[in-house]
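FYI, it's all coordinate maths here, none of it is from the lab. Here the structure is a predicted model, which means the values were calculated and not measured. Note that we place each Cβ from the backbone using ideal geometry, even for glycine, and neighbour counts take in every protein chain shown.
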Amino acid sequence: MNTPLADALAAAVRAHPEVADLDGGPYGVVVSHLPDRRVVGVRVGEPGEPVEVSVVARLGTPLPQLATELRQMITAITGPRVIEVTINDVIAPILTETPHADSSCPHGRSLP
């Protein structure tokens, strides 16, 4: 296990603007076990094994495009390896504004 590689991948993937967070997958198996901690959402196996990354995406970018961008970013760090990207969930932005009354009606009243 390459500790700096798991940390570098986690930081790079989290820095992508369309990634909300890393995710361990449905059963929590996408994880790198390090001597003193775990890196959830990134699994760097032995040489010859794929690098696995599991994320929660933000609603916006088409998912195939996001997966391609993440693979390219990961390959730039790892070199030529098999990269498996899983998008486990997609979250929508939280709206902080309250809906306004219908602006087409006088005095802000809604139509029946």
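May I ask you to list the trypsin sites (Lys or Arg not before Pro) in region 1-80 that are in a DSSP loop and have at most 16 other Cβ atoms within 10 Å of their Cβ?
Details: sites: R14, R37, R38, R43, R58, R71; in loops: R37.
Loop-located and lightly packed - R37.
Using a 7 Å offset from the Cα along the Cα-to-Cβ direction at both E69 and H16, what is the distance between the two label points in nm, to one decimal?
About 0.8 nm separates the two model spin labels.
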